[in-house]
Each structure stands twice: as structure tokens, then as C-alpha cells.
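Data block below; observations after.
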Amino acid sequence: MFDEIKLNKEYKYFDGCRWVHSAEYRKIEIKNPVDDSVVGCIQNCTGDEIIRVVETLKEGQKRWASKTIDERATILDKAADIIESQVDFIGNILCREIAKPLNDAKEEILRSAQITRFTSHSVRTIEGQYLQSGVFYNTKNNKQCLVKREPLGIVLAISPFNYPVNLSCSKIAPALASGNAVILKPPLEGAISAFHLVQCFLEAGVPGGVIATVTGESKKIGDILVPHEDISCISFTGSTSTGEIIARKAGIKKLLFELGGNGTAIILDDCDLEKTINDVIPGAFSYSGQRCTAIKRLLVQDKIAGRAIALMKKKIEKLSVGSPLKNNDITPLVGLHHAEFVENLINGAKRGGAKIITGGRRKGNLIEPTLIDKVDPGMSIANVEQFGPVLPVIRFKKIDEAIEITNTTKYGLQSCVFTQDIDKAFYIAERILTGTMNINCAPSRGPDTFPFLGVKKSGIGVQGIKDSILEMTREKVIVIKTSKNLSK
């Protein structure tokens, strides 16, 4: 099934009709973050090849859009079954590409199958509207209005390294279901896994001219595709800085962005501390903190700070560290440059007077799970998206102080509060500037049927299965004037 996507360890790109090699002889090596071994190499598409992909999909999209919703949804159902059948195979590749614990990698593939299946169900339930005149001031009852939804055209889907299959699928499935064509620009780290996902859709019956992949130099791809007049929608998951560049270049088109986060967990002194810490630890350290929704700073009310830190230290030191193939909790970060960035943040906090409770050391691109106390809200480690296995603790006295600290960040993706007082919970939830506020649970993306969005510098638009379908379609209004006033 996957033989045609590669030759030995060289993976091709899908030009909209077939898997092919680029004319550019220089390829890009994808290396295992654990041992630096080569997982494979991918194509470095030329500018002409990228432009031809758009031309191919422009024609193919029209044919795809003319199919019935049922026809498209049935293909998605088949794709879901195929993805599900390849959980072990693709999961093993994903584990080696991005050092995600093997069980988590397999879960990502399974979740992608479920997203595809539920998208098939959801697109069948999208409804239009019927409206009539005569309800507005000084109008006659002689006009009927039909409102339906139609696809945007070509969607450029740009996915991140941390969920290269799941977050590719959450863009591809609703785009295809809605009648759009899709160009997938996968991350370099994770591209091979994403190619296998695309092949699953092709195997299910997605026809030529409807889906394509492009890989290579991000700036070159972005300079060509982002402002291209035939790209109707850009669905991007990645850093805020890159999102801002895309937004400036894009021009007038639909933008659907999930950007950076600096998720704050607020722990009040009336919480069930044991249950709270059991939520906070995976919320901060799952996949070594390389998640946009990860808890990246912890605000603890002074009265219980000592007990909370002691309990967290005990649990953090029980986290296993090592190879993702052995399902360790903490695995190497995706690249050495990023591990060095996280290490510099830790050292900067130490120089500023913060106290390392446990961890804090780096070996290669492996960072020990780290707990830092007495962090000042102004420190860099408390204000950037550090994307590592690090939990900075900020102590506070009054609830309004915690709200103020939380809102100082430029991000607004998700945060959470732990308390047994529902009035306090809602008081805080209504005042935190964030897309989602979680009460007594750590931030997460999902279930995928929930709306997922960011405010401030954390995003544009709303994702989630049904919401993504709505974002990737537009309303078409048809007005019919009758010859007679129907109210008479």
C-alpha cells in the first residue's frame, strides 16, 4: 500500500496525480531525535513544481465539489477504516520521526481515524436556511431566500511537528468533506508520517487533482503559496511569529490559525490537592511539554504552595526518562537547538533568583523534567512558549492577583483553574482572556467535537470538527422574487 510513496529511504511528494521525485537533486534528511539516525529523506520541491500543484488542484477541485456530500463522506469513511488498520505501522514511523512515546504515537493515528470518521458524519448534518421577506421594516412578502454552504476552493494546510498526523488530518478531513482541494505542507519533522496519512486518503478513493503535498524550504513554499490568488484558505498550526508572517503575506483570504500558547494553571487553596496534582503533571509534561495546550506556568495560592511543590516533586521524580520506543514519559526534544533554548530559559530563571526543585539538566536534546519555584511573573520562562518539560511555579495571595498575572501574557489559547468553589471558578473563568478556560481539568485539545480557538496572539477562527467544516465553507445566498405578494 505504501510502496509507491518512496524509493528505498527517499520519500516522494504527491503532485496531485502521483507520487514523484522533485527535479531538485538536493534532498532533506529527516533524523531520529533520539540517536540522530536517518529515518528517511524528503523532496525539496522547486518553485515550478509548487505552482503546477496549484494548477492541478484548481481543476480537480471543481470536479470534487460537484460530487454529492454522501459520495465524499463515504470516501472519508473508507479512509478512516484504512487509517485505523495502519495504527501500528504509521505509529512506529511517527515514534522514530519525532521521539513521541510509542503508545502516544499509536493513539495519535487512532485519533486521526476517529476524526475522519466523525467528519464524515458531521458534514452530512450541515444544514442550509430558508428565509422570507416581510419580517423587516417596510418590506413586502414577495422574496424568498435560500442559504446554502459551498466550498472555498483550495485549502493550504500547514501542520506542526508535534502532531504531524493528527493535525494534518484535522485539516484535510473537513476540507475534503466540504468539497475543497487540499495542499498539505507538512512539518519537516513528521513529514514521512504525514505522507502515509495522505496515502490512506488516496487508497480510500480520493481522486487525482484533489490532494497534494509539498515539502522543502518553508520560506520558498510560503512565498509562492501564501499570497497565491488560487489559495482560498490557509489552515496553519504553528508559532505566533510564523502566523504573523503568513497573515501579512496572505492578502484577502480565509485564515484559520492555531498559534502559540502559554497555558496557566491556577491552583486555589480550597482544591483537592492530590487530584489537582494528578491532573497538572501530565498536563505539563506529556510529550515532554511539546504541546500548544501544555501547562507552561503554575500559579499556586501561597497557603498551599509548600505542600503542592513537595507533592509535585515526588511525582515528577517518578516520571520515566529515555527512549520513546520504551514508552518513557520524558523523551528527547525534537531538536538540539530547541533543547538549548529550553536550557537557556532554565538557567536564566536560576540567575534571576528562582529555585530549581528538581531536574534542570540537559544531555543532548534530552531535558530532565524540571520544577522551578519562586519564579517571578516577569521572567522569560514565565512569558514565552518554552515547549519543554519544565514547570515554573509562581506564588500568589489573592485571586485577582492570579487573574492579572494570567492575563499579562500575549497568548490566549487555554488555561485552567482548580477549586471546589464553583463561584470562584466562574469568577476566574469569566475574567481570563483565553479561548478555553478549563475548570478542574488540565488544558487539552479535545474532544475534537468541542470548539477549539485562541484569542489575542493565539489564533484566528474556530476549529473542531464541525467548526472547521463551517470555516472551510462559505454561505451562498440565492434570492427569488415572486410575482405576487404571498401574504395576500
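The values are calculated or read from the model by the stated rules, or taken from the named source; none is laboratory data. Nothing here was measured: the structure is a model prediction, and the numbers come from that model. Here Cβ is always computed from backbone atoms with ideal geometry, including for glycine, and neighbour counts include all displayed protein chains.
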Original post:
Here are some conditions: (1) closer than 26 Å to residue 99 by Cβ; (2) within 23 Å of the chain's Cα centre (by Cα). Residue 392 meets all but one. Which one does it not meet?
Top reply: (2)
Subject >> First in region 369-393 and assigned by TED's automatic domain parsing to the domain that holds residue 304 and closer than 20 Å to residue 301 by Cα, second anywhere and surrounded by fewer than 24 Cβ atoms within 10 Å (Cβ to Cβ) and at pLDDT below 95, Cβ under 6 Å, 6 or more apart >> reply: none
Original post:
In the list 212, 173, which residue meets the criterion of being under 22 Å from residue 26 (Cα atoms), in contact with a Leu (Cβ under 7 Å, 6 or more places away or on another chain) and among the hydrophobic types (A, V, I, L, M, F, W, C)?
Top reply: 212
Original post:
Does region 433-459 hold any residues that are among the hydrophobic types (A, V, I, L, M, F, W, C) and surrounded by fewer than 19 Cβ atoms within 10 Å (Cβ to Cβ), and which are they?
Top reply: 433, 439, 441, 450, 455
Subject >> Complete set of residues in region 310-334 that are surrounded by 22 or more Cβ atoms within 10 Å (Cβ to Cβ) and closer than 23 Å to residue 276 by Cβ >> reply: 312, 316, 330
Original post:
When you scan region 380-397, how many residues do you find that are under 19 Å from residue 361 (Cα atoms) and among the hydrophobic types (A, V, I, L, M, F, W, C)?
Top reply: 6
Subject >> Residue list for region 20-54, filter: more than 26 Å from the chain's Cα centre (by Cα) and part of a loop (DSSP other than H, G, I, E, B) >> reply: 21, 22, 23, 24, 25, 26, 27, 35, 37, 46
Original post:
Can you name every residue in region 430-488 that is free of Cβ contacts under 8 Å to residues at least 40 places away in the same chain, of a type in the set (D, E, K, R) and under 26 Å from residue 115 (Cα atoms)?
Top reply: 467
**OP:** Quick one: count up the residues across region 1-19 that are in a strand (DSSP E or B), within 16 Å of residue 185 (Cβ to Cβ) and not hydrophobic (A, V, I, L, M, F, W, C).
**Re:** 2
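Would you point out the residue of region 335-370, among those that are at negative phi and in a loop (DSSP other than H, G, I, E, B), that is surrounded by the fewest Cβ atoms within 10 Å (Cβ to Cβ)?
Taking the candidates together, the pick is 361.
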Original post:
Which helices (runs of 4 or more DSSP H) does region 385-488 wholly contain that include 2 or more residues that are closer than 29 Å to residue 232 by Cβ?
Top reply: 465-471
**OP:** Just name the residue that is nearest to residue 289 (Cα to Cα) out of those in region 128-183 that are assigned to a strand (DSSP E or B) and small (Gly, Ala, Ser).
**Re:** 157
**OP:** Take region 200-227 and flag every residue that is in a helix (DSSP H, G or I), of a type in the set (Gly, Ala, Ser) and under 19 Å from residue 3 (Cβ atoms).
**Re:** 204
